[in-house]
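First comes the structure, then the notes that go with it.
The values are calculated or read from the model by the stated rules, or taken from the named source; none is laboratory data. Because the structure is a prediction, the values reported are computed rather than measured. In this analysis, Cβ positions are derived from the backbone assuming ideal geometry, glycine residues included, and neighbour counts consider all displayed protein chains.
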Amino acid sequence: MENAGHRLVYLAISRRRPVYTTEIMSSSGGSMGNRSNFAGAGGTPGGLGEFFIGILLAALGCYLLFSRVQVHSSYWNFLGLGGAGRSFGISMLPLLFGIGTLFVNGKSILGWLLAVGGLLFILLGILMNMDIYFERTSLMNTLIMLGCIAAGFGLVVKSLRPHKAKRDNGENQ
């Protein structure tokens, strides 16, 4: 009862007739997108080694760079008003009113807008009040960090382009 390339799928619990048939993955090509052999990075021939070496180089450069960065927070400045605007509490008002409105009516569009908008306002304020400093390091270390990142991204981009097939030198003729 089984066709070539198909298998019958039965319901195990009800023991009825087959509900539907599916193709076996190897005959359908579903596992490789109907391709018989694997292509390289980005679906182009070749470049798989370059892709992974590029990812490793970029990751190494990013790690070295980020390990030299210090992040500090500063005072909460409401809309950049300096000392007169140092107030975190006022930025919580939309969130609190939104949560209160949602407890009264969970389908309130105004409540959702206030709650989500207030949360985004607080997250934006936290991000805006961060000070990021690059620690003191030598020029050589900085060039190595940035060079690894640039070389890694360059190799990844190069790996996504099609590569020419390697030619035989007349040995198989």
Return the pairs, sorted by first residue and then second, in which the second residue is among the aromatic types (Phe, Trp, Tyr) and in a helix (DSSP H, G or I), the first residue lies in the stretch 101-124 and is under 18 Å from residue 90 (Cβ atoms), the beta carbons are less than 8 Å apart, and the residues are 6+ apart or on different chains. 114/97; 118/97
Can you work out which of the residues in the stretch 60-93 that are more than 30 Å from residue 153 (Cβ to Cβ) and in contact with a Gly (Cβ under 8 Å, 6 or more places away or on another chain) is modelled with the highest pLDDT? 93
Considering every residue within the stretch 147-169, establish whether at least one is modelled with pLDDT under 95, loosely packed, with under 11 Cβ neighbours inside 10 Å and over 30 Å from residue 51 (Cα atoms). no
Return yes or no: is residue 96 at pLDDT 90 or above, more than 30 Å from residue 137 (Cα to Cα) and more than 31 Å from the chain's Cα centre (by Cα)? yes
Restrict the check to the stretch 27-35 and report whether at least one residue is in a helix (DSSP H, G or I) and either at pLDDT 85 or above or over 18 Å from residue 163 (Cα atoms) (or both). yes
